[in-house]
Amino acid sequence: MRRVAIDPRPTWADDVRALGLVYCYTGDRPYWDESAYYEFTAAEIDRLEAATRELHRLCLEAGQHIIDKNRFGELGISFATSEAIRRAWDAEPPALYGRFDLAYDGHDIKLLEYNADTPTALLEASVIQWYWLQERFPDADQFNSLHDQLIAKWRELRNSLPDPLYFAHADQGTGEDLMTVTYLSETAMQAGFETRILAMDQIGWNAQAGFVDFEDRPIRSIFKLYPWEWMVHEAFGGHVLDARQGITWIEPIWKMLWSNKGLLAILWDLFPGHRNLLPARLHDPAGMTTHVRKPLFSREGANVSVVTPSGTTVTPGDYGAEGFVYQAIAPIPCLEGNYPVLGSWVVDGEPAGLGVRESHDLVTTNTSRFVPHLFLSGND
Amino acid sequence: MKRSQQIALGMVPLVAASFLAGCKDPQRKACVDQNGVVVPDPNCATAPAAGTSGSAGTHAGYPVGYPYYWYWYRGGSPVIGRRAPGGGSYTAPAAARGGFGSTAAGRTSGT
């Protein structure tokens, strides 16, 4: 893996906005950053793909373990929610996608966390960098079959989910969540679904019809870009935990097991020393003098502490009341002052592509930048 | 398969253009009467079933069937007694709404 500096396209901002990346800036700094790209060898991509497949397998075992050993309490999950998770895990409702965040130093591939419930940075990984590659390096390759795999998964679900298929978001004005669900909705439409987009607070509840849309039409299947740990504590939370509701939520509620940072410690419990895992402990660093402390439910790098012998750095936020996981510091390389984190995508349990985000320090936050990638076939 | 064969988008660019054209304000909700005048929220929370009021309102797009409706729009905060801005959409008050989304204020939903 190497970072290659390159001149951006003169019209890059207009180009990516026209494709839907309306959030191509964070403040006055580019979020989509094509002043560089990451180049991988085909062998490296094969290893990343294999590691992603292996991590997915480990997570399946960890999920079953949490349920069998009733470890919900350690993850800050209530009894009522755990019952809903058990039911969903056994019923196997549709699960669409997720993103493993990985540290890669050219040798080791280590899991940093799994964004399994509400992963974003999807449009840029699936569409924007694909078009960038066509224009800048048409003869190179890219680890990115996200678009095709999303459509394939929706096609598989076409006969089991009724129309319309809803897509809900709670965009806070940046356009990121809106465009993420718009893109996912478009992939579902290309698979033959009739789709509708609505805001989370437009979802209604009617004692006779159950969940309804903005025109009081019953909702029977819905993708929500909204965290389960928020939903179960909000006013309609009791309704989603009710086993009698005939509604399919995508992602399913059992994704709470994988999006919880406590998963990292449970994986280490089950597979100590695994080549793709970092040492991790729940609620106590257990002697790790150098570590990263993450809240179980933190989002986008909030409230993360990096503890080293030379000092502690802390990112701001309002998470942590639910407890923390302590994880060994990952071998993230510093390339020209940038720390890359590899987002390895999974669609329907299969590796589906790669997106690279880089930051100026070890913690990837909502101010990180997305940098495109390519790989050269036959280059080992 | 490492790479998507072809990516064609129709709806995404349209929504992006709409967003960039100025629809950036977060959507707001107000309970309004048949003239589009903002009234206290409990009027919508306790509204009678559809059909008890048959008159159409004078606010553009006001539907027939309820004395009060939830009105969704982009713009400033609603002020009781004043007309809501035009161009929004209505939802019937028969269902309780707003039971999701409250935790998102000031936070990001994605990861």
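Pairing residues of segment A:228-245 that are of a type in the set (S, T, N, Q) with residues that are modelled with pLDDT of 90 or more, at Cβ distances under 6 Å and at least 6 apart in sequence or on separate chains, gives no pairs at all.
Count of segment A:302-340 residues, restricted to those that are closer than 24 Å to residue A:269 by Cα and not in a loop (DSSP other than H, G, I, E, B), is 8.
Residue A:139 - would you say it is within 22 Å of residue A:44 (Cα to Cα) and over 16 Å from the mean Cα position of the chain (by Cα)? So residue A:139 fits the description; yes. Summed over segment A:100-120, residues that are facing another protein chain (nearest Cβ under 8 Å) and modelled with pLDDT of 95 or more total 4. Being of a type outside the set (D, E, K, R), crowded, with 18+ Cβ neighbours inside 10 Å, within 19 Å of residue B:11 (Cα to Cα) and at the interface with chain B (Cβ under 7 Å from one of its Cβ atoms) is a property that residue A:175 has. Of the residues making up segment A:128-150, just one is more than 19 Å from residue A:356 (Cα to Cα) and within 7 Å of chain B (Cβ to nearest Cβ), namely A:148. Pairs meeting the criteria (first residue in segment A:82-102 and within 22 Å of residue A:155 (Cα to Cα), second residue of a type in the set (A, V, I, L, M) and assigned to a loop (DSSP other than H, G, I, E, B), beta carbons under 6 Å, at least 6 apart or on different chains) are A:98/A:116. Residues in segment A:51-92 that are in a helix (DSSP H, G or I) and among the hydroxyl-bearing types (Ser, Thr, Tyr): A:52, A:81, A:82.
I'd like to check something: does segment A:6-16 contain any residue that is within 14 Å of chain B (Cβ to nearest Cβ) and surrounded by 20 or more Cβ atoms within 10 Å (Cβ to Cβ)? So far as segment A:6-16 goes, yes, one or more of its residues are within 14 Å of chain B (Cβ to nearest Cβ) and surrounded by 20 or more Cβ atoms within 10 Å (Cβ to Cβ). Exactly one of (1) within 19 Å of the chain's Cα centre (by Cα); (2) over 30 Å from residue A:211 (Cβ atoms); (3) of a type outside the set (D, E, K, R) is unmet by residue A:250. Its number? Looking at each condition in turn, residue A:250 falls short on (2). Of all residue pairs spaced 6 or more apart or on separate chains, those with beta-carbon atoms under 7 Å, a first member in segment A:314-331 that is under 13 Å from residue A:102 (Cα atoms) and a second member that is assigned to a loop (DSSP other than H, G, I, E, B) are A:329/A:290; A:330/A:278; A:331/A:105; A:331/A:108. Of the candidates A:271, A:297, the single residue that is under 24 Å from the mean Cα position of the chain (by Cα), of a type in the set (Phe, Trp, Tyr) and modelled with pLDDT under 95 is A:297.
With the condition being within 30 Å of residue A:377 (Cα to Cα) and small (Gly, Ala, Ser), I'd like the helices (runs of 4 or more DSSP H) fully within segment A:93-194 carrying at least 3 qualifying residues.
none
Considering only segment B:78-111, state which residues are small (Gly, Ala, Ser), without any contact (Cβ under 8 Å) to a residue 12 or more places away in the chain and either under 30 Å from residue A:342 (Cβ atoms) or more than 7 Å from chain A (Cβ to nearest Cβ) (or both). Correct list: B:104, B:105, B:106, B:109, B:110. Within segment A:267-299, the set of residues being of a type in the set (Phe, Trp, Tyr) and assigned to a loop (DSSP other than H, G, I, E, B) comprises A:271, A:297. Among the criteria (1) in contact with a Gly (Cβ under 8 Å, 6 or more places away or on another chain); (2) more than 30 Å from residue A:70 (Cβ to Cβ); (3) away from chain B (no Cβ under 12 Å), the one residue A:153 does not fulfil is (1).
The values are calculated or read from the model by the stated rules, or taken from the named source; none is laboratory data. Quick caveat, the model's predicted, so the values are computed rather than measured. Every residue, glycine among them, receives a Cβ derived from its backbone with ideal geometry; neighbour counts consider all protein chains shown.
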